[in-house]
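To start, the structure under review is shown below, and the notes come after it.
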Amino acid sequence: MNSIRKNSAVTLLVLAGMTFGSTAVIANTAMTQPASSTATGKAAPLSAREAQIQQADVLARNGRKAMSYIVAARQLLSEQHEKEARQYLEQARDLLTKLKSEVSAKKGNTSGLLPIYSQLGISKEVEITEQLKQKLETTHLDVVRGKHKKVVETLKNVGVELQYSFVDLPVAATLGKVESALKSLSEKNTKQASKALAEAEAELIHDSIVINAVNENPAG
């Protein structure tokens, strides 16, 4: 799918950028600001919604960390550093094992997918008003929960051209690839281990959806 034209240098980010990608992303304070402080200087208690978002953010960070270990291990194997690669894969396995139980325990998550990256891009011509930020903020919880269809339907009602991009991690499948790679390494089969890691990277689910697209060259 084509990228949104003339993306603004300012992007509204819902989750932090992936640790292993080359795409630069900028956090939007309206979506990531910490809980407000009380008069005593202590942080005010999080609302239920804020707590859910915070919990999802922790899971996403761990998912990105696991993938960064996988990418690093694959690179190390290509340079014949098997011992170091194994250490990274063991860390990835531990993270993914914990994530698998946490993702499976989430109510309504039958897909076993973990959203690890989400971004909203806004056309350069669009003025980012406070009202627009508030409208986009309403999608935040659905984004971190990976309810992409619901997010898209909500964003259609915002009335401006947007690009919604996301990456989901199939936790159980990725864990299986890591375990397979570790087994191959124990058998001194680095080629098969590298193949399993390449498959783990390839199985990430990427999508980028242009919403409320404006035709640059309308007929007539």
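No value in this document is a laboratory result; all are computed from the given coordinates. Small disclaimer: the values here were computed from a predicted structure and weren't measured. Ideal geometry is used to build each Cβ from the backbone, glycine not excepted, and the neighbour counts take in all protein chains shown.
Observations on the model:
- Here is the list for the stretch 157-220: trypsin sites (Lys or Arg not before Pro) lying in DSSP coil, each with at most 13 other C-beta atoms within 10 angstrom of its C-beta, are Lys188.
- Prolate/oblate/rounded call for the stretch 165-216, Cα gyration tensor, a/c under 1.5 rounded: prolate
- In a fully extended conformation the segment linking Ser111 and Arg61 would gain 16.1 nm over its present Cα-Cα distance, using 0.36 nm per residue.
- Relative contact order of the stretch 111-212, defined on C-alpha pairs under 8 angstrom at six or more residues apart (%): 36 percent
- Relative contact order for the stretch 52-166, counting Cα pairs under 8 Å that sit 6 or more residues apart, in percent: 29 percent
- Those residues of the stretch 188-209 whose amide nitrogen sits under 18 Å from the label point placed on Ala172, 7 Å along Cα→Cβ: 200, 203-205
- For the residue pairs Lys150/Lys195; Lys65/Lys147; Lys65/Lys183; Lys147/Lys188; Lys83/Lys106, alpha carbon separations beyond 31 Å are given by Lys150/Lys195; Lys147/Lys188; Lys83/Lys106.
- Length released on extending from Ile128 to Gln52, taking residue separation times 0.36 nm less the Cα-Cα span: 24.7 nm
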